[in-house]
1. In the range 135-157, which residue that is in a loop (DSSP other than H, G, I, E, B) and touching a helix residue (DSSP H, G or I) at 6+ places or on another chain (Cβ under 7 Å) is nearest to residue 64 (Cα to Cα)?
2. From (1) crowded, with 18+ Cβ neighbours inside 10 Å; (2) assigned to a helix (DSSP H, G or I), pick out the condition that doesn't hold for residue 60.
3. Being in a helix (DSSP H, G or I), surrounded by 14 or more Cβ atoms within 10 Å (Cβ to Cβ) and without any contact (Cβ under 8 Å) to a residue 12 or more places away in the chain, is that true of even one residue in the range 76-87?
4. Tell me which of these residue 29 doesn't satisfy, since it passes every other one: (1) outside the structural domain of residue 150 (by TED's automatic domain parsing); (2) at pLDDT 90 or above; (3) under 17 Å from the mean Cα position of the chain (by Cα).
5. Does the range 149-163 hold any residues that are surrounded by fewer than 19 Cβ atoms within 10 Å (Cβ to Cβ) and more than 23 Å from residue 106 (Cβ to Cβ), and which are they?
6. Please count how many residues of the range 164-181 are modelled with pLDDT of 95 or more and crowded, with 18+ Cβ neighbours inside 10 Å.
7. If residue 104 passes every condition in (1) farther than 30 Å from residue 155 by Cα; (2) surrounded by 20 or more Cβ atoms within 10 Å (Cβ to Cβ) but one, which one does it miss?
8. Those residues that are without any contact (Cβ under 8 Å) to a residue 24 or more places away in the chain, in a helix (DSSP H, G or I) and in contact with a helix residue (DSSP H, G or I) (Cβ under 7 Å, 6 or more places away or on another chain), I need them from the range 27-57; list them, please.
C-alpha cells in the first residue's frame, strides 16, 4: 500500500513493486551495499523512474526488501496449514525459513548500513516469526504430529542455528538434512 494515501496499488503497480523487491534481494545479496539501483530496476524489468517512485532512497528499498522477505515467511504459515497436514506444513515452513535466512545473510551489508543510519528493520521480526512458528507448532500438537513440550523459542533457536551453520545457497543439501533431523526430533514420541 502506498504510505501517503492508504489505497491499494493497481495490480500492475503491485506486480512491479513485487518484482523490484525480489530483484533487490538478489542484487544486494550478490553485490552488497554497492549494488547499483539501475541494475535492480533492469533485473525487475522496470524503468528506474518506477523504482524511484516506489523507493525514493536506497535505504527505503533495503528496508522494504527485507520486510517483504519477512512477510513472505510469516504469511506462509496459514497458507501452508490450510493446504497441508500440520507436520508437512511445519516442514515446508522450515525450508522457507532457510530461504529467508539466506536472503537476510546475503543482504547483511545492506542491512547493517540501514541499522547504522538509525532504521531498525528488525523491530518486529522476532515477534512475527514466533507468532507464525507458534501457529504451526500448535497445529502439529493438536493433530498429534508434534511433541507438546517444545516451545516456539526453542524451535526458532534450532532453525537459526541451522541457518548459521548451513545457510549459504551451496549448503542447501546439508540444511535440508538438518531440517529433517530437527523435525524427526520434534515428532519423536508423538
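1. 150
2. Of the numbered conditions (1) crowded, with 18+ Cβ neighbours inside 10 Å; (2) assigned to a helix (DSSP H, G or I), the odd one out for residue 60 is (1).
3. No, that holds for no residue.
4. The number of the failed condition is (2).
5. 149, 150, 151, 152, 153, 154 - these are the residues of the range 149-163 that are surrounded by fewer than 19 Cβ atoms within 10 Å (Cβ to Cβ) and more than 23 Å from residue 106 (Cβ to Cβ).
6. Final tally of qualifying residues: 3.
7. Among (1) farther than 30 Å from residue 155 by Cα; (2) surrounded by 20 or more Cβ atoms within 10 Å (Cβ to Cβ), the lone unmet condition for residue 104 is (1).
8. 27, 38, 39, 40, 41, 43, 48
The values are calculated or read from the model by the stated rules, or taken from the named source; none is laboratory data. This structure is a prediction, so every number in the text was calculated from the model and none was measured. Methodologically, a virtual Cβ is constructed for each residue, glycine included, from the backbone with ideal geometry; neighbour enumeration extends over all protein chains shown.
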